[in-house]
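Any read-out appearing in this document is the output of simple, stated calculations on the displayed coordinates, not a laboratory observation. It should be emphasised that the depicted structure is a prediction, and the values quoted were computed from it without experimental measurement. Note that each Cβ is placed from the backbone with ideal geometry, even for glycine, and that neighbours are counted across all protein chains shown.
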Amino acid sequence: MSGRPDSDLPPDTQTSPEPEGDAPEEAPGDHPEVDDDDLLEEEDLLAEQARRARWAAVGTGAVLALAGTAAALLRASGTAPALVPVAYACGAAVCVLAAVLGARGRTRRSLWAAVAGVMIMALGDQFD
C-alpha cells in the first residue's frame, strides 16, 4: 500500500460531507412509498427466479451428460479412434459436474462447466 494515509482524495472521488443536524436517522422500513408487501413480493420473485435458474442448470447439465454418454457409446462401438469416445465420456463427466453445481445453486459456475464439457466433446469429435 503506497501513499500517505492523511492525503486527500482527488476531487472526483471525494464523498460529500454528511449533513450535520438534528435530523433523526430513518429505519429501513420507514419509507412511506415502500410497503412491506412490495418487499415480500420482490423476495418471492427473486426466490422463484433462483429456483428456475437452478432447475435450468440441472436440466441442461443432465441432458448434455446423457448426450455425451450416448455419443461415447456409439463411437466406442464403431471404428473411431479410442480418443474420440474418451473425449465424449470426459465431456459428459464435466456436464454431470455442471448438473451437480446447478443443483447446489452455483448456476454461474454450472454454466461454465457445461460450456467446458461441450467444448471437450467437440474437441474429441475433431479427432475422428
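Before moving on, here are some points about what is shown:
- For segment 51-128, the percent of C-alpha pairs falling in each 5 Å distance bin, counted from 0 to the bin holding the largest distance, reads 3, 22, 27, 19, 13, 9, 5, 2, 0.
- Point-charge dipole on Cβ atoms (K/R +1, D/E -1) for segment 51-128, about Cα centre, debye to 20: 640 debye
- Filtered trypsin sites (Lys or Arg not before Pro), segment 70-108: DSSP coil and at most 13 other beta carbons within 10 Å: ARG104
- Neighbourhood net charge (14 Å Cβ-Cβ; Lys/Arg +1, Asp/Glu -1) for ALA50: +2
- Sorted on the mean count of surrounding Cβ atoms within 10 Å across their residues, most packed first, peptides 49-58, 83-92 read 83-92, 49-58.
- Normalised by the number of residues in segment 61-127, the mean separation of alpha-carbon contacts (under 8 Å, six or more apart) gives a relative contact order of 38 percent.
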